Amino acid sequence: MRAWLLVVALFSASVYAFPGAGSAGADPAVQRFIQLSKPQALESVGFFDAHGREVQLQDYRGEMVMINLWATWCPPCVRELPSLERFAADYADQGLKVIPVATDRDPSVVMPFLKELGMPQMRTHYDNRNSFGQILPTDLIPATYLLDEQGNLVAFVRSFVDWDNASVRQLIDGYLKK
């Protein structure tokens with residue numbers, strides 16, 4: 001019984017560790033999204049772009065950014081990728097920079113995997129050093145973090161998301177209109 005309580009406490013503590021964290025709503029499509037009542041400042045961390053060049057999170061300040069952490073070995077991540085790719089294409093002209101970040105230890109497996117999946121055009125970034133783990137909970141993927149133009153965390157979800165869902169898109173649209 002104590003072990004079960006510890007597991008529940010650890011899981012819920014990581015989700016609600018941010019001040020003002022609350023669920024985005026009762027709709028099953030968005031209920032796992034956590035919205036922050038006060039944006040949370042994040043330090044900049046380094047990761048790699050699709051060409052293997054190191055970039056810094058701060059390089060994206062001035063843009064609304066959505067970081068999606070995923071891995072080739074994660075079935076929910078793989079299930080989410082096609083809708084994430086469509087979402088990124090639909091929102092490219094709406095002021096949202098969608099940055100998929102593969103967390104595989106060996107980045108060389110990612111592009112062959114995407115080709116095999118039928119998504120050779122998808123460009124992903126890489127974080128094989130778990131740099132994001134210095135500033136965000138990365139123990140559960142897929143995980144998506146929404147940052148405002150100042151680089152502050154405003155919302156996140158640590159679960160599979162159907163990015164084609166109208167309720168999810170409406171939630172994201174609300175951040176873009178702010």
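Any read-out appearing in this document is the output of simple, stated calculations on the displayed coordinates, not a laboratory observation. Note that the coordinates shown come from a computational prediction; the quantities given were computed from them, not determined experimentally. Using ideal geometry, Cβ is built from the backbone for each residue, glycine included, and neighbour counts are taken over all protein chains shown.
Here are some notes:
- Antiparallel %, DSSP beta bridges [both residues in the chain], to 5: 70 percent
- Efficiency of FRET between Asn165 and Lys97 - r from beta-carbon atoms, R0 25 angstrom, step 0.05: 0.75
- About the centre of its Cα atoms, segment 108-151 shows a dipole size close to 220 debye [charges on the beta carbon of Lys, Arg (+1) and Asp, Glu (-1) only; nearest 20 debye].
- Other-chain or far-sequence residues with amide H under 5 Å of Lys97's (modelled H): Met64, Val65, Met66
- Each helix, a run of at least 4 DSSP H residues, gives -39500 (n - 2.57); summed and divided by the residues of the chain, these come to -8500 deg cm²/dmol at 222 nm.
- Each principal axis of the Cα cloud of the chain was evaluated for its coordinate range; sorted largest first, these ranges are 43, 42, 31 Å.
- Couplings 3J(HN,Hα) for segment 52-58, derived from phi with the Karplus relation 6.51 cos²θ - 1.76 cosθ + 1.60 (θ = phi - 60°), are x, 8, 6, 10, 10, 4, 5 Hz, where x marks Gly and Pro.
- Sorted on the mean count of surrounding Cβ atoms within 10 Å across their residues, most packed first, peptides 148-159, 90-101 read 148-159, 90-101.
- Restricting the calculation to Cα atoms, every distinct pair contributes to the Kirkwood radius of segment 132-178, found to be 11.8 Å.
- Using Cβ point charges alone (K and R +1, D and E -1), the dipole size of segment 44-160 about the Cα centre works out to roughly 180 debye.
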